[in-house]
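Notes to accompany the following structure.
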Amino acid sequence: MKLGLISEFDAAHSLPGYEGKCARVHGHTYKVEMVVSGSVGPDGFVMDFYRLKKILGTALQDLDHSCLNDILPNPTAENIAERIVLRLRSELQGTSVELFSLKLWEGKNKWVMVE
Amino acid sequence: MKLGLISEFDAAHSLPGYEGKCARVHGHTYKVEMVVSGSVGPDGFVMDFYRLKKILGTALQDLDHSCLNDILPNPTAENIAERIVLRLRSELQGTSVELFSLKLWEGKNKWVMVE
Amino acid sequence: MKLGLISEFDAAHSLPGYEGKCARVHGHTYKVEMVVSGSVGPDGFVMDFYRLKKILGTALQDLDHSCLNDILPNPTAENIAERIVLRLRSELQGTSVELFSLKLWEGKNKWVMVE
């Protein structure tokens, strides 16, 4: 079974070397959907959503209310998503679930997804 | 081709033995997304959405405006989703489509999915 | 990695030979989600969203503010989606990404998806 959890973080970024508006410092409310897969245990849960929420919160902590360029040299949606995936894989190690995918929306109508 | 249909039902539940707020009787507007797969027929449909709507409505009928603990001993999102899947598989038997997945949102930001 | 881009178009249609309300000329704000897959390049992009937006816009251009029956003899959601897929495959030829799926919502609660 798969579990999905959605969260958001607010951050500034600019794309160095980009020809166009994205070269200017601007910001987004990034929406994140983490999907994990696992089996239903005898307690009826794959994993308690409260625990998943903490894991996702920890993985997003330094990104929220930050300037992403202080963390990543080229903070495209693709590069931000890959960074979150690395953090989540580390946070999920030793638990009963595996990361299936991570979707990152930059605005309302566009997203990138790592599987 | 895949077809998706979204519906909702309102229900109360509590999780017996859970340590935390979910042990109290509370409720959700559960959102459900059924996905079926099939081929496009000569009429241009995989299946008429009106027919799919009836099938999903039948599968959710006893859950809507119910206390889920009267139906399931431990109504976690996982267990509710599995029950809906059993009902849908039975309702879809003999039709031209197969159930591909069932997603159940408990609130706006979290869901479980059976495939 | 996958990239998703959402757009909308407004169109009228009627389903000839259908028994029910869909036989009447009516309309929808169709929502479209194009998903493409590709690798992240040295610039940090799979494909610049501005370029993807143009490609999707071109594929939807003749459908927006049209009567779909002037374009397709039987404009069911399934047939409209397949037409958009043909256009997108042609527009994406020679680029670094491939079409993974095309989802078309007819209203808020139902969709068809070609993969």
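Observations, loosely collected:
- Set A:Val46, A:Val114, A:Val35: member being closer than 30 Å to B:Arg83 by Cα and touching a helix residue (DSSP H, G or I) at 6+ places or on another chain (Cβ under 9 Å): A:Val46
- Those residues of region C:16-74 which are in contact with a Phe, Trp or Tyr (Cβ under 8 Å, 6 or more places away or on another chain) and at positive phi, in sequence order: C:Gly20, C:His65
- Within region B:95-115, considering residues that are within 7 Å of another protein chain (Cβ to nearest Cβ) and outside any loop (DSSP other than H, G, I, E, B), the one most open to solvent (accessible area, probe 1.4 Å): B:Lys110
- Residues that are in contact with a strand residue (DSSP E or B) (Cβ under 9 Å, 6 or more places away or on another chain) and within 19 Å of A:Gly4 (Cβ to Cβ) were ranked within region A:48-76; the one that is farthest from the other protein chains (Cβ to nearest Cβ) is A:Ala59.
- A residue that is at the interface with chain C (Cβ under 9 Å from one of its Cβ atoms) and free of Cβ contacts under 8 Å to residues at least 40 places away in the same chain can be found somewhere in region B:18-40.
- In region A:8-17, the residue that is farthest from the other protein chains (Cβ to nearest Cβ) out of those that are assigned to a strand (DSSP E or B) and open to solvent by 40 Å² or more (accessible area, probe 1.4 Å) is A:Asp10.
- Any hit, region B:68-79, residues being without any contact (Cβ under 8 Å) to a residue 24 or more places away in the chain and over 16 Å from the mean Cα position of the chain (by Cα): yes
- Yes/no for B:Leu86 being open to solvent by 30 Å² or more (accessible area, probe 1.4 Å) and out of contact with any helix residue (DSSP H, G or I) (no Cβ under 7 Å at 6 or more places or on another chain): yes
- Residue check, B:Val112 at pLDDT 95 or above and under 26 Å from C:Pro73 (Cβ atoms): no
- Unmet requirement for A:Ser66, which otherwise passes all of (1) over 23 Å from C:Asp48 (Cβ atoms); (2) open to solvent by 40 Å² or more (accessible area, probe 1.4 Å): (2)
- Top-ranked residue of region B:21-37 - restricted to ones that are open to solvent by less than 40 Å² (accessible area, probe 1.4 Å) and of a type in the set (A, V, I, L, M), ranked as nearest to the chain's Cα centre (by Cα): B:Val32
The values are calculated or read from the model by the stated rules, or taken from the named source; none is laboratory data. Just so you know, these numbers come straight off a predicted model, no measurement behind them. Please note: Cβ atoms are built from the backbone with ideal geometry, for glycine as well, and neighbour counts cover all protein chains shown. Surface areas here come from the heavy atoms of the whole protein model, side chains and all, with no ligands, DNA or RNA. Shrake-Rupley method; radii C 1.70, N 1.55, O 1.52, S 1.80 Å.
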